[in-house]
Amino acid sequence: MADADENDNGLACGRRIRLTDGSNSTGEIVDDYGDLAGTEVVIDAFRTAKSRRWAVALDDGRTVFVDDDALELTS
């Protein structure tokens, strides 16, 4: 049975990942937005965006927000 903080793909906070966008960027999942993923987020009076499932701290210092299909586990 999967850990409560882990999804069916084995993705969970603290897991090491690689982005699947071809950038070969690696990092660690730092937050799980679970049920909030896919909801509309207001950025300012002119812009909105779809929220993403995972917050990832990349090894290069950036933080990105992505869904399951943008990640693969690394060892």
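The values are calculated or read from the model by the stated rules, or taken from the named source; none is laboratory data. Here the structure is a predicted model, which means the values were calculated and not measured. We place every Cβ from the backbone using ideal geometry, glycine too, and count neighbours over all the protein chains shown.
Residues in segment 29-64 that are of a type in the set (Phe, Trp, Tyr), surrounded by 10 or more Cβ atoms within 10 Å (Cβ to Cβ) and over 16 Å from residue 18 (Cβ atoms): 1 in all. For segment 28-75, a tally of residues being at pLDDT below 90 and of a type in the set (A, V, I, L, M) returns 6. If you go through segment 13-48 and keep only what is over 20 Å from residue 60 (Cα atoms) and either touching a residue at least 60 places away in the same chain (Cβ under 8 Å) or not in a loop (DSSP other than H, G, I, E, B) (or both), you end up with 32, 34, 35, 36, 40, 41, 42, 48.
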